[in-house]
Amino acid sequence: MGMPFALRLSFPAFAFESSTTSGRWRARRFPFRFLSSPLQSNPQDPAEEEENFGKESVRRRKQSILVERYSNGAIKRYILDDEVGVRISLTEDVANNNFGALDSSVPETKRPSVLPQFVADFVLPAGFPATSNEILQGVGVGYSTGTAAAATAAAIRWVSKDGIGALGRLFIGGRFGNLFDDDPKQWRMYADFIGSAGSIFDLTTQLYPAYFLPLASLGNLTKAVARGLKDPSSRVIQNHFAASGNLGEVAAKEEVWEVGAQLLGLAVGILILDTPGLVKTFPALTLTWTSMRLLHLWFRYQSLLVLRFDTINLKRARLLVKSHIERSHVPGCADCNKEENILLWETFTKPRITFGVPLEEMISGKKSISEVKALMRVYEKEQYLLMVNWQTKDLEVFVSFKVGATSMSVLRSVWQTYWLHVNWEQHSLDVFYQLAKSHKEMETNFDNFLEQLGQAGWDTNQFNLKVPGGILIDESGFIQSSQGQV
């Protein structure tokens, strides 16, 4: 007969510990051991072990998890527990710091190690891959073509007023580079407004010569910002005219027209200054400049009005959806572009739509499990969540996008928003019923909307409707936990 024996195996295990002061969860590591012994060692009652396992399974099935992934790598988890309520924990996810890894259809792009994330977002387009060697070559590291004289000249230029203007263009290109594709007509018009304001600083240098350097620097900065808005938006407009792929020729001909207009303006200016008998005081010159500038702005506005884009951005999507819901008709490209207000900010458009809202803000801080689950049921088949803002008098909606959302998801959310705007029952207490009803109407009529878009001549293969990349909701944990697979 063998001797009694005991087998002890150790594994690392993790437990989550809640902190009531910080409201966060942190993982702690504990040793976990299996102990095996002969029958004489009085093992645990199998019935009691099965009962404990059943209680743990029931507890896990009562929990659901929603995950919000932020572009900076942070993760916010919404733990829906039927007994405790909604618990929120915010952690840093160092393993997955991009959204591409969440979708197997999107190739994962590694950022070069030489650039921090915020720097890469500032200098590179969204999703642009670059290696460390390419970036080093781009900034000239490793090359010996520079000379001491060139470096000295660059330093002198940098400390001059032109350097401040360069900073303005750098800021515009890095911070607002993703705006020009959506609404080039608006930004081209704003560029002329800002450029006119910059010329005012140049005019005031004659009144205050002692402050020439700061005034001239502000003028250069303002005009540089205007150029930073003008050049990218002009490229988008040029691409619109290059119907046969001749973008270079279109850009060259536009340059001819621009230089010709500048030469004509210089000639007229010299003629006015050299004509005897004309009043050449500063007020007279200022009045002349103001009149010419206003005329220029009016011509610019009229030139942008005649542009006819067949692509759908957010402004045109609003007009098209509104017409389809109210009149069951989609206007053509000419009518819609003519109706489009190129000066109006999106913030002042009704109904107001706020994209990329955190889930915590969408549920109004109530942290109600029933509200969250009802919201997820309504948009189970959608790549977005839409909720009405309770705190405003006029109808305002919050939209948050799921992982894998596309421009079509944005368009569908806009359609549902306008249906709610037209059919909203202000005194109804059942908001989720109205959300479900509007979503059903959208599912029923959206295909007809797309069909009418194609018949009216709109480009339905590409929409200029970007999904905000700051916050995306990952509902995989919610679906799995709902099936008891937490």
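Taking every residue in the stretch 315-342 that is in contact (Cβ under 8 Å) with a residue 24 or more places away in the chain and polar (S, T, N, Q) and pairing it with any residue that is open to solvent by 30 Å² or more (accessible area, probe 1.4 Å) and assigned to a loop (DSSP other than H, G, I, E, B), at least 6 positions away or on another chain, the pairs with Cβ-Cβ distances below 7 Å are Asn337/Arg308. Taken together, Gln206, Gln262 contain a single residue that is touching a residue at least 60 places away in the same chain (Cβ under 8 Å) and over 29 Å from the mean Cα position of the chain (by Cα), which is Gln206.
The residue of the stretch 56-107 that is farthest from Glu361 (Cα to Cα), among those that are touching a helix residue (DSSP H, G or I) at 6+ places or on another chain (Cβ under 6 Å) and at pLDDT below 75, is Val106. Among the residues of the stretch 461-472, some residue qualifies, meaning at least one is surrounded by fewer than 17 Cβ atoms within 10 Å (Cβ to Cβ), free of Cβ contacts under 8 Å to residues at least 40 places away in the same chain and under 30 Å from Ile237 (Cβ atoms). Residues that are open to solvent by 90 Å² or more (accessible area, probe 1.4 Å) and closer than 17 Å to Arg377 by Cβ within the stretch 428-442 comprise Tyr433, Lys440, listed in sequence order. Per the listing Ala284, Ala243, Ala252, Ala216, the residue uniquely among the aliphatic types (A, V, I, L, M) and either closer than 17 Å to Ser303 by Cβ or within 29 Å of the chain's Cα centre (by Cα) (or both) is Ala243. Annotation note: of Val397, Val414, Val388, the sole residue that is at pLDDT 95 or above and within 27 Å of the chain's Cα centre (by Cα) is Val414.
Of all residues in the stretch 229-249, none satisfies being farther than 30 Å from Ile312 by Cβ and touching a residue at least 12 places away in the same chain (Cβ under 8 Å). Among the residues of the stretch 360-381, those that are open to solvent by less than 30 Å² (accessible area, probe 1.4 Å) and either within 22 Å of His421 (Cα to Cα) or at pLDDT 85 or above (or both) comprise Met362, Ile363, Ala374, Leu375, Met376, Val378, Tyr379. Scanning the stretch 160-208 for residues that are among the hydrophobic types (A, V, I, L, M, F, W, C) and surrounded by fewer than 18 Cβ atoms within 10 Å (Cβ to Cβ) returns Ala166, Leu167, Leu170, Phe171, Phe176, Leu179, Phe193, Ala197, Ile200, Leu203, Leu207. Only residues that are part of a loop (DSSP other than H, G, I, E, B), within 18 Å of Met362 (Cβ to Cβ) and touching a residue at least 40 places away in the same chain (Cβ under 8 Å) were counted across the stretch 395-436, and they come to 3. For the stretch 202-245, residues that are in contact with a helix residue (DSSP H, G or I) (Cβ under 7 Å, 6 or more places away or on another chain), in a helix (DSSP H, G or I) and not β-branched (Val, Ile, Thr) total 22. Restricting to the stretch 325-364, give me the number of residues that are over 21 Å from Asp394 (Cβ atoms) and part of a helix (DSSP H, G or I). Counting residues in the stretch 325-364 that are over 21 Å from Asp394 (Cβ atoms) and part of a helix (DSSP H, G or I) gives 10. So which residues in the stretch 339-359 are exposed (fewer than 15 other Cβ atoms within 10 Å of the Cβ) and touching a Pro at 6+ places or on another chain (Cβ under 9 Å), if there are any at all? Result: Glu339, Gly356.
Among the residues of the stretch 285-301, the ones that are touching a residue at least 40 places away in the same chain (Cβ under 8 Å) and of a type outside the set (A, V, I, L, M, F, W, C) come to 5 in all.
Regarding the stretch 304-326, can at least one residue be identified that is surrounded by 12 or more Cβ atoms within 10 Å (Cβ to Cβ), in contact with a Gly (Cβ under 8 Å, 6 or more places away or on another chain) and of a type in the set (A, V, I, L, M, F, W, C)? Within the stretch 304-326, none of the residues are surrounded by 12 or more Cβ atoms within 10 Å (Cβ to Cβ), in contact with a Gly (Cβ under 8 Å, 6 or more places away or on another chain) and of a type in the set (A, V, I, L, M, F, W, C).
The values are calculated or read from the model by the stated rules, or taken from the named source; none is laboratory data. Bear in mind the structure is a predicted one, so any value in this text is a computation, not a measurement. Cβ: placed from backbone, ideal geometry, glycine included. Neighbour counts: every protein chain shown. Calculation scope for accessible area: heavy atoms of the full protein, side chains included, ligands and nucleic acids excluded. Shrake-Rupley method; radii C 1.70, N 1.55, O 1.52, S 1.80 Å.
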